[in-house]
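Worksheet: one structure, shown below.
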Amino acid sequence: MPLYRDEGVILRTHKLGEADRILTVLTRNHGKVRAVAKGVRRTASKFGARLEPFMVADLQFYEGRSLDTVSQAETIASYGVAIAGDLDLYRVASVMVETADRITDSEPAPQQFLLLHGALRSLARGEHPYLLTMDSYLLRALSLAGWAPSFDACARCGEPGPHGSFVLPMGGLVCDACAPTGAARLDAGVVDLLAALLTGEWDVVETANPDARASASGVVAAYTQFHLERGLRSLEHVI
């Protein structure tokens, strides 16, 4: 039976039988992996706490026909401890891991792994306001998945900005010539904030006023759910 080892973020778990769990893990080099962790729900389990959502672990797997099996687990980062103790952080982290689950598959996605790992670390350490951390993660994860929004040029014709009309199906801001009737208009401050969230310019992000932050969050939520084609269940508890 083939054996392999990889770093992974635990995205979600669910019970299997009386003592086991099925894990969904975003790994650095093997993409998304579904695996059984046997006996982890027993109090005597050696690595049950290492295999909770939001934890990052060094994992050893046995490859199976439909599900792999976790045979070893060593903690790399216990972000789940800090996140699970704060309801707001838990809700935001749930949005991030649900998104990662939806946009990855069994193909290697090292950039998605690193992005999620970094976002959970930032969230657990309180480096930035948690809603802004979530919004930045969502925009960057979608960009890596091939749905990069355009905030500096017309998403339809490429005309350099600034532009103020945002159209979801077109992929971002569009010029007046391309904007359909009734297109949503964004203030310049909201556009600047969205662009900064996408590029990780936190000095710009954190000086944005509350109204701009709220408007930007609405745009990010709509953009995310449009491209994922169905709603994120966890996002309903945040917005």
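Efficiency by 1/(1 + (r/R0)^6): what FRET value for Q60 and Q111, r their Cβ-Cβ distance, R0 = 30 Å, to the nearest 0.05?
Numbers: r = 23 Å, r/R0 = 0.78.
For R0 = 30 Å, the calculated efficiency reads 0.80.
Around D176, with a cut-off of 13 angstrom between Cβ atoms, what is the net charge of the other residues, counting Lys and Arg +1 and Asp and Glu -1?
Details: positive: R156, R185; negative: E159.
Local charge sum for D176: +1.
With a 10 Å radius around each residue's Cβ, average the other Cβ atoms per peptide and rank 14-23, 96-105, highest first.
On the way: 14-23: 14.9, 96-105: 19.6.
The most tightly packed comes first, giving 96-105, 14-23.
On C-alpha positions alone, give me the angle between the axis of helix 188-199 and the longest principal axis of the chain, in degrees, nearest 10.
Once rounded, one gets 30 degrees.
With +1 on the Cβ of every Lys and Arg and -1 on the Cβ of every Asp and Glu, and nothing else charged, how large is the dipole of the stretch 1-142 about its Cα centre, in debye rounded to the nearest 20?
Values: 18 positive and 17 negative charges, 66 e Å.
Magnitude of the dipole: close to 320 debye.
Given the options A49, V238, G31, identify the residue whose Cα lies farthest towards the positive end of the charge dipole of the chain (+1 on Cβ of Lys, Arg; -1 on Cβ of Asp, Glu).
Result: A49, furthest along the dipole toward the positive end.
Mind running the shape call on the stretch 1-84? Use the C-alpha gyration tensor, a ≥ b ≥ c as the square roots of the eigenvalues: rounded below 1.5 for a/c, prolate if a/b tops b/c, oblate otherwise. It would help to have the intermediate numbers written out before the result.
Details: a/c = 1.59, a/b = 1.11, b/c = 1.43.
Judged from the Cα gyration tensor, the stretch 1-84 comes out oblate (a/c at least 1.5, b/c at or above a/b).
Per DSSP H run of at least 4 residues, take -39500 (n - 2.57); add these up for the chain, divide by its residues and hand me the 222 nm value, nearest 500 deg cm²/dmol.
Details: 7 runs with 89 residues, N = 239.
It lands at -11500 deg cm²/dmol.
Could you work out the local net charge near V81, counting Lys and Arg as +1, Asp and Glu as -1, over the other residues with Cβ closer than 13 Å to its Cβ? Let's see the in-between values first.
Details: positive: R50, R121, R125; negative: E52, D86.
Summing Lys/Arg as +1 and Asp/Glu as -1 gives +1.
Farthest toward the dipole's positive end in the stretch 182-228, which of Q225, L194, N209, given Cβ charges of +1 (Lys, Arg) and -1 (Asp, Glu) about the Cα centre?
Checked the options; the winner is Q225.
What does the highest-first list of 222-234, 49-61, 113-125, 194-206 look like by mean Cβ count within 10 Å? Before the final figure, lay out each step's value.
Numbers: 222-234: 15.0, 49-61: 21.5, 113-125: 19.9, 194-206: 18.3.
Descending mean neighbour count gives 49-61, 113-125, 194-206, 222-234.
Round to a whole number: what % of the accessible area of the chain belongs to carbon and sulfur, probe 1.4 Å?
Numbers: 5740 of 11810 Å².
Ligands and nucleic acids excluded, carbon and sulfur give 49 percent.
So, for the chain, what is the accessible surface per residue at a probe of 1.4 Å, expressed in square angstrom? It would help to have the intermediate numbers written out before the result.
Values: 11810 Å² over 239 residues.
Ligands and nucleic acids excluded, the figure is 49 Å² per residue.
For helix 110-125, report the angle its Cα long axis makes with the longest principal axis of the Cα atoms of the chain; keep it between 0 and 90° and round to the nearest 10°.
In the chain, helix 110-125 runs at an angle near 90 degrees to the longest axis.
If I fit a long axis through the Cα atoms of helix 130-144 and take the longest principal axis of the Cα atoms of the chain, what angle between them do I get, 0 to 90°, rounded to 10?
90
So how strong a dipole does the chain carry about its Cα centre when Lys and Arg Cβ are +1 and Asp and Glu Cβ are -1, to the nearest 20 debye? It would help to have the intermediate numbers written out before the result.
Numbers: 23 positive and 28 negative charges, 220 e Å.
My answer is approximately 1060 debye.
Toward the positive end of the charge dipole of the stretch 3-127, about the Cα centre and with charges on Cβ (Lys, Arg +1; Asp, Glu -1), which of I22, V95, F113 goes farthest?
About the Cα centre, the residue reaching furthest to the positive side is I22.
The values are calculated or read from the model by the stated rules, or taken from the named source; none is laboratory data. Remember, it's a predicted structure, so these values are computed and weren't measured experimentally. Heads up, the Cβs are rebuilt from the backbone with ideal geometry, glycines too, and the neighbour counts pull from every protein chain shown. In case anyone asks, the SASA skips ligands and DNA or RNA and just uses the protein heavy atoms, side chains included. Shrake-Rupley method; radii C 1.70, N 1.55, O 1.52, S 1.80 Å.
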